[in-house]
Amino acid sequence: MHVDVISSLVLDPIQTVRRYGFNSVEQYQRWHSLVPDDVVGPITSTLMTQPRCGCPDYQPSRPPEEASWPRSCLDVGVAYRLQLNLDSDAVGSAWSTALNIWNESCGINLELIESMQEAQIWAKSGPLPGSTLAWSYLPNGNCRENLEQKYDSEQQWNHDFLGKVVLHEIGHALGLTHSRRKADIMYPTITGRDLSSYPSPNDKGRVVELYGEAAPIPRDNDPPFDPELPINSRITITGRPLSSGTYTLRKV
């Protein structure tokens, strides 16, 4: 491996690639679709020093049932205690937005709660090394998880930026590993896209694979649900044509 003099002054490339799950600079370059020349030149060193998630890029694959929340416990409590440069309203809005995005994307139900002790996902803040913005543990197929996250207290956050990082880290807490696609929220480095542009189709497909589709939102004019009416029933009406109007069907 060759290291440019400038790069060697700003980072330890071997320590960096090992932190993110690789054995060599060449493996790191291949995963990130760079030229795999094992040389830490300007492009590779720039990528290594960009603000990003602290979780490894490469993680051994696990069966879905071992790397997600069980289908029997999809109501997940989330709490945070963060000391950042934003006021509490901005922080709360960023978290609520991020959780709602995942709730609307799949069958999970993430709910903000006050108690850190009762939360299944809980977040704190503090100084993080280098260019690390945040990190999160991933689930292990257990309903009684207690997943910790940490966010950099020295970062200059804004609402949209924090929302994207929370969205990314909650993605980890749902079982999503890093993606190689730059359009995904699960790409290791946070891009300049708006928070409202996520999740990408690939993000959504991955989380739906774990938790199924989100429950449809009832419309105001939907009739009350009758549990005795068979699902997917077919009703055939015979006789004289009906005049226009509103009719109530009763089971006989």
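The values are calculated or read from the model by the stated rules, or taken from the named source; none is laboratory data. The structure displayed is predicted, hence computed values, not measured ones. Every residue, glycine among them, receives a Cβ derived from its backbone with ideal geometry; neighbour counts consider all protein chains shown. Heavy atoms of the whole protein, side chains included, go into the accessibility calculation; ligands, DNA and RNA do not. Shrake-Rupley method; radii C 1.70, N 1.55, O 1.52, S 1.80 Å.
Per-atom-type breakdown for the stretch 19-94 gives carbon and sulfur 51% of the accessible area (1.4 Å probe, protein chains only). Across the stretch 69-80, coupling constants 3J(HN,Hα) worked out from phi with the 6.51/-1.76/1.60 Karplus curve, θ = phi - 60°, read 7, x, 5, 7, 9, 9, 8, 10, x, 10, 9, 8 Hz, and Gly and Pro carry x. Near the amide H of Ile113, within less than 5 Å, lie the amide hydrogens of Val78, Ala79, all on another chain or at least 5 residues away, with H placed in the peptide plane. The Arg62 and Asp37 beta-carbon pair, evaluated with R₀ = 35 Å, returns a calculated FRET efficiency of approximately 0.65. Site pair Arg193 and Thr46 shows an inter-label distance of 2.0 nm when each label is modelled 7 Å from Cα along Cα→Cβ. In terms of the Cα gyration tensor, with a ≥ b ≥ c the square roots of its eigenvalues, is the stretch 127-191 rounded because a/c is under 1.5, prolate because a/b exceeds b/c, or oblate? Cα axes put the stretch 127-191 in the oblate bin. Rounded, prolate or oblate: which one fits the stretch 12-171, using the alpha carbon gyration tensor with axes a ≥ b ≥ c (rounded when a/c is under 1.5, else prolate when a/b beats b/c, else oblate)? In terms of gyration-tensor shape, oblate.
Between Ser125 and Gln83, Tyr151, the built amide H atoms are under 5 Å apart, and every one of these is 5 or more places off in sequence or on another chain.
Give me the distance between the Cα centres of the stretch 146-198 and the stretch 8-74, rounded to whole Å. Answer, in whole Å: 15.
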